[in-house]
Amino acid sequence: MKQVDIIVTGEFVVKDAFSHPISDGAVAILGDEIEFVGQRSECLAHYRGQRYIERPKGLVIPGLINAHTHAPMTLFRGLADDLPLKTWLEEHIFPREARLTPDLIALGTELACAEMIRSGTTSFIDMYLFEDTICEVISRVGLRAWLGEGLFDFPSPAFPSGFEALEETRRLLDKWGDHPKITITVDPHTPYTCGHDLLRRAGEVADEMGALLVIHLSETEWEVAEIQRRYRRTPARYLDDLGLLGPRTIAVHVVHPTEDEIGLLSERGVKVVHCPESNQKLGSGVAPVAKMLDAGVRVLLGTDGAASNNDLNMFGEMGSAARLSKGIGCDPTALPATHAFAMATMWAGEALGISGLGTLSPGAPADLAVLDLDSPHLRPCYNPVSHLVYCATAGDVQDLICGGEIVMEDFELTTIDEEDLFMRVEKVASELT
Ligand SMILES: [Zn+2]
């Protein structure tokens, strides 16, 4: 019998989006990696656990990967809705962001982490301000994250210029480069809020660091027209001319690409993050996901910030993505559940370059969630992946493990004191309004 740290058992284990689920399955975890995935009987015959999480009605899945967040924006959740993007940003969000301090950033991040843990997310890609503070919170809470300081041509609440924020990116890399769950990225905000000098320099720094470059792209028709007006090119062509498109580029939204741009993104190996709920709520349009997938573009899934969604729940995002593709294509076969689940797990893991991330397989990071299937909306359960996309909710998540660390057990968070957190959030919320 081999000794392992944790053995998790369940009614079903979903190894990945495309494999047949294992009935009466088990996962054995040693350190921060998965040691075994298979039948419960086989697991218990060969492994002895230091701890056991036994869920006879549990559905064990790879931890979800939220490929686009602005974590601290949870503090602005529901503050201003149903407004045109420009009014929403300029009259409600920007003035409040100008008052952000590292303490508020830490608070918003902790709230975001609590929400993500409760909704099955183990990894996320974050672009915001004061990212060093966000890294501190993540390291305490125990999630896995890719984080980049937002770069703009104008002063941000954190830095007087984009070039100084870029220097911060290097400092972040020095400080957090060896952390097992934190990776630093280079994050120019958009092609229209960064000038070409800043964009080019950001691309060079990303290349020097071997880092991912994360940028919002073609979110609105206004942006496409503005880039055309300024540079006489489509946004993706413009970024390509600056040398910014490649396999380490993560382009967020891509709601309004031309056929030419879809071909270009595919050719360059750019990863696209689809944010269906944010795009709907801000009236930005619907990204042509099925078309991009057909063209060979790797598409991931993200919530965007909680001010424009208004939650960080990837179950909602998977369901929205799958339904929206069918609705706009008048095609019920568009974006099947397997693909929506792959976008939120294994395809994101591949894009992030960690072997096995987004799957439950030996040697993969020990990132998993267990859902409680003992609920009316989840019975009967013929096809667990269908349930994950079309009927599971955040409240079904019972346990969450990230890198072998248990961050929620039997609905109780282990690294966040929620009662204290909510009290601090309410106090700040009254000051923000
Ligand atoms: Zn965003």
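Whether a residue is among the aliphatic types (A, V, I, L, M), touching a residue at least 24 places away in the same chain (Cβ under 8 Å), within 16 Å of the ligand (Cβ to nearest atom) and under 16 Å from Ile416 (Cα atoms) was assessed, and Met116 passes this test. Scanning the range 265-281 for residues that are surrounded by fewer than 21 Cβ atoms within 10 Å (Cβ to Cβ) and more than 16 Å from the ligand (Cβ to nearest atom) yields Ser266, Glu267, Arg268, Gly269.
Residues in the range 13-34 that are hydroxyl-bearing (Ser, Thr, Tyr) and over 20 Å from Lys57 (Cβ atoms): Ser19 alone.
Within the range 55-63, does at least one residue satisfy the condition of being small (Gly, Ala, Ser), modelled with pLDDT of 95 or more, more than 21 Å from the chain's Cα centre (by Cα) and buried (at least 18 other Cβ atoms within 10 Å of the Cβ)? Yes - at least one qualifying residue is present in the range 55-63.
I need a count of the residues in the range 282-315 that are of a type in the set (Gly, Ala, Ser), within 19 Å of Thr249 (Cα to Cα) and surrounded by 20 or more Cβ atoms within 10 Å (Cβ to Cβ). Qualifying residue count, the range 282-315: 2. Apart from one condition, Gly329 fits all of (1) more than 16 Å from the ligand (Cβ to nearest atom); (2) modelled with pLDDT of 95 or more; the exception is (2). Starting from residues that are among the small types (Gly, Ala, Ser) and away from the ligand (no atom under 11 Å from the Cβ), keep the ones in the range 295-305 and report whichever is farthest from Ala344 (Cα to Cα). If we take residues in the range 295-305 being among the small types (Gly, Ala, Ser) and away from the ligand (no atom under 11 Å from the Cβ), then Ala295 is farthest from Ala344 (Cα to Cα). Is it the case that Phe130 is hydrophobic (A, V, I, L, M, F, W, C) and surrounded by fewer than 18 Cβ atoms within 10 Å (Cβ to Cβ)? So Phe130 does not fit the description; no. Just one of the listed residues (Thr345, Thr359) is within 29 Å of Gly404 (Cβ to Cβ), more than 16 Å from the ligand (Cβ to nearest atom) and either in contact with a helix residue (DSSP H, G or I) (Cβ under 8 Å, 6 or more places away or on another chain) or outside the structural domain of Thr122 (by TED's automatic domain parsing) (or both), namely Thr359. Scanning the range 24-72 for residues that are in a helix (DSSP H, G or I) and touching a Leu at 6+ places or on another chain (Cβ under 9 Å) returns Ala71, Pro72.
If you go through the range 316-339 and pick out every residue that is among the small types (Gly, Ala, Ser) and surrounded by fewer than 18 Cβ atoms within 10 Å (Cβ to Cβ), you end up with 2.
Residues in the range 306-326 that are of a type in the set (D, E, K, R) and either within 16 Å of the ligand (Cβ to nearest atom) or in contact with a helix residue (DSSP H, G or I) (Cβ under 6 Å, 6 or more places away or on another chain) (or both): Asp311, Glu317. Against the criterion of being assigned to a helix (DSSP H, G or I) and either assigned by TED's automatic domain parsing to the domain that holds Arg118 or not hydroxyl-bearing (Ser, Thr, Tyr) (or both), Ser325 qualifies. You will find that of Glu350, Glu277, Glu267, the residue that is touching a strand residue (DSSP E or B) at 6+ places or on another chain (Cβ under 8 Å) and in a helix (DSSP H, G or I) is Glu350 and no other. Quick one: in the range 257-289, which of the residues that are of a type outside the set (S, T, N, Q) and in contact with a Gly (Cβ under 6 Å, 6 or more places away or on another chain) is nearest to Leu89 (Cα to Cα)? Applying the filter and picking the extreme gives Cys275.
The values are calculated or read from the model by the stated rules, or taken from the named source; none is laboratory data. Here the structure is a predicted model, which is why all the values come from computation and not from measurement. With ideal geometry, Cβ positions are generated from the backbone for all residues, glycine too; neighbour counts draw on all protein chains shown.
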